[in-house]
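Here the structure comes first, spelled out in structure tokens, and everything after it is commentary.
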Amino acid sequence: KKVFLFIVDALRFDFVAPKASKSCGDDSPFNCLSTIQRLIEEQPNNALIFRFDADPPTVTAQRLKGLTVGCFPTFIDAGSNLNSSAISDDNLLFQLRRKFDTSEGEKEGNCMVALGDDTWASLFPRDVFHTTHMFDSFNTWDLNTVDDGILSHLWSFFPQENRNDVPWRLLIAHFLGVDHIGHTHHALHPLMTQRLRLMDTVLAEVLERLPDDGVLLLFGDHGMTLEGEHGGASDDETQSALFVYSKQPFYSSPNRTN
């Protein structure tokens, strides 16, 4: 009944998938998301991981349009990434808002919440979300404002007294530090390791507080090249990861394989 979308902008697939002979360190951003790897091993019926293939152009505004509207982006649209216009087509968020507003007992409270990348505010009218805390996304030299802003608000949406008493049905947290570190430096910079470790810490805390009827989806909207760029159609740019976790098992068999 409750969905947490944990978006790590420009999250490469190999930042998430286990990588043999690599360890998380200053010169290696691989295997830093240890919480995902641990859960895949320890709770295989509750944790799933997939390769997430994004359709080009691999820019945030077009990827969010594709994810919510269900259409294919075009390279002509890529130029609008810096000046995203509001979505008027029917889409998943419009449908969810209508559903929540007409459901008994769902008209009160923060049913739909968005934190982080202000591209969401550009794409969706103000009345789609009940609560938003958005931060400027286009200064790629700013590595911290968006992520710090999310963390300054995030925990208020997880009551400490009763984790099942959260005031939302959909909570989106769109982190930008990984993307901006890539643009400012490169994919293998020591700051990338630090940011992925932070994302792992945040993920572990979110999972501790996730309600019993909640599902978490962690994914990247696209990947990035080793130089930290994206927008094109190379494997590094299009391949990201999707991690799904629920406290209720997806499979009844304790010996699930693939």
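The values are calculated or read from the model by the stated rules, or taken from the named source; none is laboratory data. All of these numbers come straight from a predicted model, not from anything done at the bench. Cβ placement follows ideal geometry from the backbone for every residue including glycine, while neighbour counts extend to all protein chains displayed. For the accessible areas, the whole protein counts, side chains as well, though only heavy atoms, and no ligand, DNA or RNA atoms are used. Shrake-Rupley method; radii C 1.70, N 1.55, O 1.52, S 1.80 Å.
Couple of notes before you dig in:
- Every residue from region 206-243 that is among the small types (Gly, Ala, Ser) and without any contact (Cβ under 8 Å) to a residue 40 or more places away in the chain: 234
- Of the residues making up region 113-140, those that are over 17 Å from the mean Cα position of the chain (by Cα) and part of a helix (DSSP H, G or I) number 1.
- Single residue of region 133-155 satisfying the filter (crowded, with 20+ Cβ neighbours inside 10 Å and among the β-branched types (Val, Ile, Thr)) that is nearest to residue 205 (Cα to Cα): 150
- In region 178-205, the residues that are within 22 Å of residue 156 (Cβ to Cβ) and open to solvent by less than 50 Å² (accessible area, probe 1.4 Å) form Cβ pairs under 9 Å with partners that are among the hydrophobic types (A, V, I, L, M, F, W, C) and assigned to a helix (DSSP H, G or I), at six or more places apart or across chains, as follows: 199/178; 200/36; 202/150; 202/151; 202/154; 203/36.
- Residues located in region 19-53, provided they are of a type in the set (A, V, I, L, M) and surrounded by fewer than 13 Cβ atoms within 10 Å (Cβ to Cβ): 20
- Residue-level analysis places residue 219 among those that are open to solvent by 10 Å² or more (accessible area, probe 1.4 Å), under 25 Å from residue 56 (Cα atoms), at pLDDT 95 or above and not small (Gly, Ala, Ser).
- Residue selected from region 65-106 under the condition over 18 Å from residue 119 (Cβ atoms), of a type in the set (S, T, N, Q) and modelled with pLDDT of 70 or more, by the criterion farthest from the chain's Cα centre (by Cα): 102
- Only one of 112, 134 that is closer than 30 Å to residue 190 by Cα, touching a Phe, Trp or Tyr at 6+ places or on another chain (Cβ under 8 Å) and not small (Gly, Ala, Ser): 134
- Across region 4-52, the qualifying residues are those that are in a strand (DSSP E or B) and at pLDDT below 95, and the one among them that is nearest to residue 115 (Cα to Cα) is 52.
- Residues that are over 18 Å from residue 8 (Cβ atoms) and in a loop (DSSP other than H, G, I, E, B), drawn from region 141-157: 141
- Of the residues 174, 130, the single one that is within 18 Å of residue 91 (Cβ to Cβ), in contact with a Gly (Cβ under 9 Å, 6 or more places away or on another chain) and open to solvent by 40 Å² or more (accessible area, probe 1.4 Å) is 130.
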